[in-house]
1. Among the aspartates and glutamates, which have Cα under 12 Å from the Cα of Lys242 when same-chain residues fewer than 8 positions away are ignored?
2. Using +1 at the C-beta of Lys and Arg and -1 at the C-beta of Asp and Glu, which of Thr96, Thr194, Met230 has the Cα lying farthest in the positive direction of the dipole of the chain?
3. What longest range of the chain stays clear of loop-exposed trypsin sites (Lys or Arg not before Pro) (DSSP non-H/G/I/E/B, at most 12 other C-beta within 10 angstrom)?
4. So if I place +1 on the C-beta of Lys and Arg and -1 on the C-beta of Asp and Glu, and nothing else carries charge, what would the dipole magnitude of the chain be about its Cα centre? I want it in debye, nearest 20.
5. Using the crude model of +1 on Lys and Arg Cβ and -1 on Asp and Glu Cβ, and no other charge, please compute the dipole size for the stretch 179-243 relative to its Cα centre, in debye to 20.
6. What number comes out for the charge environment of Ser195, summing +1 per Lys or Arg and -1 per Asp or Glu over other residues with Cβ under 12 Å away?
7. Give me the net charge for the shell around Lys242: Cβ to Cβ below 11 angstrom, other residues only, Lys and Arg +1, Asp and Glu -1.
8. Let's see if you can work this out: charge +1 on each Lys and Arg Cβ, -1 on each Asp and Glu Cβ, no other charges. What is the dipole magnitude of the stretch 78-171 about its Cα centre, in debye to the nearest 20?
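We did not get these values from a lab; they are worked out from the coordinates using the rules stated. These figures come from a predicted structure and were not determined experimentally. Neighbour counts run over all protein chains shown; Cβ positions are idealised from the backbone, glycine included.
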Amino acid sequence: MNLSPLSTSAGDPSGPAQSQQPLHAVASAAPLVLRSITKRWRKDLPLILDELDLTLEEGTSTWIGGRNGIGKTTMLRIAAGLIEADQGRAEVWGITPTENRARYQRLVSFLPAGDRGLYARLTVRRQLEFWGRIAMVPRGEFAETIDRTLDDFDLRELEHRRVDRMSMGQRQRVRVAMTFLPKPEVVLLDEPLTSLDTEGGEILQRAVAELLARDGCVLWCSPSGEHLDMTFDHSWMLEQGKLVPV
């Protein structure tokens, strides 16, 4: 799971953190651009994405809806740099995943749908520390970042509880916290409200507001308009591989 950073399948929770470098490659580029993205899973199947174009500007929120299986998750995985399009390209500040994957994934954080990316035997604090190292949080900011995340996502009372002893809603809150922990510039959310209770949804909404306030951007995908009281700058439906404004 690249909760890109939100997902990983391997790693040493005690491994060293790495220092961060300047991230922007092209000052005039947009935070996220999908250019003529085309994808099909088999030659005998229709295109799931058909020359799809999307640009996310600084400080903006975008919602994309569409029925299950229409291609939203595929689009997000391409945007996160996890899979490649058959044609077209994804860019974050002018960087593509093939040109500089580590740099690309330090700018983008992806929360996939479901309940992946957590280690059952880790406590909440250890899970966040593990993810902080994967996300390359600088050493000098590491402890402060973990403590801030525990507080911001109301996880203090749970910090020493193992993941496999938590409710589904609590696990989802941890996954949301992991997504925002490294303070990414682009956040990709795939059905983020699944399993979240009202308080968890409000915490997510605050995290999105903070992201937008520092000129980050969010792309939120769900089958329907289940997005709390949020007002999005742009709303689209994914239909037959293309985005249709709503």
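1. Partners within reach: Asp50, Glu51, Asp53.
2. Farthest towards the positive pole: Thr96.
3. Working: sites that count: Arg42, Lys43, Arg67, Arg121, Arg214.
By the stated rule (loop sites, at most 12 other Cβ atoms within 10 Å), 122-213.
4. Result for the chain is approximately 940 debye, rounded to the nearest 20.
5. For the stretch 179-243, the charge dipole is close to 220 debye.
6. Details: positive: Arg171, Arg173, Arg175; negative: Asp115, Glu191, Asp197.
Summing Lys and Arg as +1 and Asp and Glu as -1 gives 0.
7. In short, -4.
8. Details: 16 positive and 15 negative charges, 79 e Å.
Value, rounded to 20: 380 debye.
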